[in-house]
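Below you'll find the structure, written out as C-alpha cells, and then a few comments.
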Amino acid sequence: MSDRIRKRAIVWALAAVLVMLAALPAAAADLVYIPAIDTLSVSSSDCVPGNMYSVIVLRGASADSGVTGAGLLFIDQVTADRRGEVFVAFVGPEFPDCVVLLGGEFAAGVSSPVTAGTWSPLDRVPKDKLVLPGMLTRVEAEAFANCTFTHVYLGDRVTSIGENAFSGSEALTYIFIPESVTSIAANAFAGSAGVTIGCRAGSYAQQFAEANGIPCRIVD
C-alpha cells in the first residue's frame, strides 16, 4: 500500500469519529511554538508507550466538524516513546489558523481524536521577526540585503546563504542558522555589525561565525 493511500485511509477512518469529540475526555495535550527552530510541537503524556498516534491539522475548522479535503492541512503518524509521550514537530508559520487533533489509544482508554489546541501563527510571530518558509532550501544573493528585521529564523531545509544575503542590515541582531546549512558566503553579513548567529554546537554556522569574528550563541 502506498504512503498516500495509507494516509488517506487513516484520514477517512478518523473522520468517522471526529463528531464524537465533544463527549470524550480530553487528553493532556499541548501545543508549543519554538521560534528558534521554527516549529510547532504537539505532545501528550497520556499516550501509551509503543502505540501509534495520528496528528491531524484542520484549516479553520471546529474540532467536531469532520474532515474534508479542503480542510485537511497535515497528517502524520508517530509512535509514543518509552515515557508515553508523543512529540511531533513541523513548520508552524506555513499554516493559517487551524485546529490540531491528536488521535490514538490513550492511557484512559480513549481511542478517538481529541483536541490538542488551536494554532494561530500570526498571533505568535512578532512583526519584527522573519520566519522563512519551511520548504526554503537556499537564501539567494542579496535576498535580504538592507532588511529591517531584528530577528531571522531559517528552516532546517536551508543549505546555503548567498553573497550579501543579509548585508547592510543594521537592525539585524539575531539570526538562527540550522545545521543543514553547509555554505555561507563570506560577505553574507557585511555591514550587519550587530548580528549574533544562533546555531547548534559543532555546526558549520558556528565555524563560520568564529572564522569571521561574528558573535555566536549556541542553541541546545
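The values are calculated or read from the model by the stated rules, or taken from the named source; none is laboratory data. All values derive from a computational prediction rather than experimental measurement. Heads up, the Cβs are rebuilt from the backbone with ideal geometry, glycines too, and the neighbour counts pull from every protein chain shown.
Structure values in brief
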item	result
Subset tally (residues that are buried (at least 16 other Cβ atoms within 10 Å of the Cβ) and part of a loop (DSSP other than H, G, I, E, B)) for the range 164-193	16
Index of the failed condition, Ser167 passing every other in (1) at pLDDT 95 or above; (2) under 25 Å from the mean Cα position of the chain (by Cα); (3) of a type in the set (Ser, Thr, Tyr)	(2)
Test for Gly198: is it in the same structural domain as Leu40 (by TED's automatic domain parsing), assigned to a strand (DSSP E or B), among the small types (Gly, Ala, Ser) and surrounded by 15 or more Cβ atoms within 10 Å (Cβ to Cβ)	no
Breaking point among (1) closer than 21 Å to Met135 by Cα; (2) under 19 Å from the mean Cα position of the chain (by Cα); (3) assigned to a loop (DSSP other than H, G, I, E, B), for Asp220	(1)
